[in-house]
Amino acid sequence: MEKNKYIDHTLLKADAKQSDIETLCTEAKQYHFASVCVNTYWVPLCTKLLEGSDVNVCCVVGFPLGAMSTKAKAFETKQARADGAQEIDMVINVGELKAGHDQAVLEDIQAVVEAAQGACVKVILENCLLTKEEIIRACQLCVQAKADFVKTSTGFSTSGATVEDVRLMKESVQGHCKVKAAGGIRSAQDMEAMIAAGADRIGTSAGPKLMK
C-alpha cells in the first residue's frame, strides 16, 4: 500500500476554524490520504468539500474521554453517518475497562458498531492509561464487538502511540481487527516504525510533512 493511504489527516483541536478544516481537506485531496479525521461538527462541511474525491470523512465519537453515555455515543454516531461520515473513531469507557466491567465496555462498543450501519469503526483504547493486560483485554472486546480497528490513543491524554503498544495490539487481535497508531507521530521515521510494528493506519496532523 502507498504510504499516503495509511494516513488519516487529523484536526481535532477545539479552536479549529472553518478555514483550517478547508485547508485540511485541500491537503487530503492533494496527497490522496485515506481520510480526514475531524470532530462531528465539521462532518457536513468535509463531506461537501471531499465529494467526488478518494478521501473518506472520518470523525471521532465520545471524544476525548470516552466517559459519555452509550446512548449519547450511539446517537452521535448515527448523526455523523447521516451527515456523511464513512469512518467512526470512538473512545472506549476507560474507567469501566479498568474496573473489570467488560460487559459494559463490550456493549458500549457494540452500540456504536450497530449505529455505524456498516461503516468502519475504530476503537480508541487510550493505551497510556492502561496496563498491558488491560490493552489485551480491550483488544479482545473490540474483536468480540466486531469493530474494524483498534486504535492506540486520542492524542489528548498523557502520551500517544508507541511501537511496543502497536505490536501488542497486533498480536492481541490475531488478524480480526486492523490497528491504527495515533498520537505524537510527527516524522517519517515514526511512521515507518509504526507500520513495521503492524499499524494499518496512521492518525497524524503532520500528513503533508510526512509525505515530504
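The values are calculated or read from the model by the stated rules, or taken from the named source; none is laboratory data. These numbers were taken from a predicted model, which means no experiment stands behind them. Glycine gets a Cβ as well: all are built from the backbone with ideal geometry, and neighbour counts include every protein chain shown. The accessibility values were calculated without ligands, DNA or RNA, using every heavy atom of the protein model including side chains. Shrake-Rupley method; radii C 1.70, N 1.55, O 1.52, S 1.80 Å.
For this structure, a couple of remarks:
- Per-selection Kirkwood Rh - the chain (Cα, Å, 1 d.p.): 16.7
- Helix-only CD estimate at 222 nm, as mean residue ellipticity for the chain, using -39500 (n - 2.57) per DSSP H run (n ≥ 4): -13000 deg cm²/dmol
- Computed over the Cα atoms of the range 1-105, the ratio of the radius of gyration to the Kirkwood radius (Rg/Rh) comes to 1.03.
- Ranked from largest to smallest solvent-accessible area, with a 1.4 Å probe on the protein heavy atoms, 96, 2 come out as 2, 96.
- Summing +1 for each Lys or Arg and -1 for each Asp or Glu among the other residues whose beta-carbon sits under 12 angstrom from that of residue 108 gives -2.
- The accessible surface of the range 1-149, taken with every protein chain in place and a 1.4 Å probe, is 52 percent carbon and sulfur.
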